[in-house]
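Nothing in this text is a laboratory measurement; each read-out follows from the coordinates by a stated rule. Predicted, not measured: the structure shown is a model, and the values here were computed from it. Reconstructed Cβ throughout: ideal geometry from the backbone, glycine too, with neighbour counts over all protein chains shown.
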Amino acid sequence: MSKKSIIARQTKRERMVEKYQDLRAKLKKEGDWDALDKLPKNSSRVRLKNRCQLTGRPKGYIRRFGVSRYVFRLMALDGKIPGVTKASW
């Protein structure tokens, strides 16, 4: 489990990216790089990191399900993810 402060920082970045998304696109289209540079750095989409929605773990992230590999395994074994079963041959 990640620290609460890191998870909070990530959610703050997500809100900021959403807030400035339209303005950033407009400034990029116009080519106004000076105005774009004056916007907050955390408003850039590049600053976001994929994190597990349940634990905040940054590594082993499975994009399709939005969770880390460990949480995915636990949920799959408990039958909480429809259509996913443990392979056996």
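Quick notes on this structure:
- Rg over Rh [alpha-carbon atoms, Kirkwood Rh] for the chain: 1.16
- Our summary gives the chain a relative contact order of 21 percent, counting only alpha carbon pairs under 8 angstrom and 6 or more residues apart.
- Summing charges over all other residues whose Cβ lies under 11 Å from the Cβ of TYR70, with Lys and Arg as +1 and Asp and Glu as -1, gives +4.
- Highest mobility in the GNM of the chain, judged by mean-square fluctuation with C-alpha springs under 10 Å and restricted to LYS49, LYS19, LYS38, is found for LYS38.
- Against the chain, whose longest principal axis is taken from its Cα atoms, helix 69-78 shows a tilt of about 40°.
- Proxy reagent accessibility, fewest Cβ within 10 Å first, across SER5, SER43: SER5, SER43
- Prolate/oblate/rounded call for the range 1-49, Cα gyration tensor, a/c under 1.5 rounded: prolate
- Summing charges over all other residues whose Cβ lies under 11 Å from the Cβ of PRO58, with Lys and Arg as +1 and Asp and Glu as -1, gives +4.
- Most fluctuating residue given options VAL17, VAL71, VAL46, as computed from a GNM of the chain linking Cα atoms under 10 Å: VAL46
- Computed [θ] at 222 nm, deg cm²/dmol, the chain (DSSP H ≥ 4; -39,500 (n - 2.57); rounded to nearest 500): -15500 deg cm²/dmol
- Acute angle (nearest 10 degrees) that the helix 4-30 long axis makes with the longest principal axis of the chain, alpha-carbon atoms: 50 degrees
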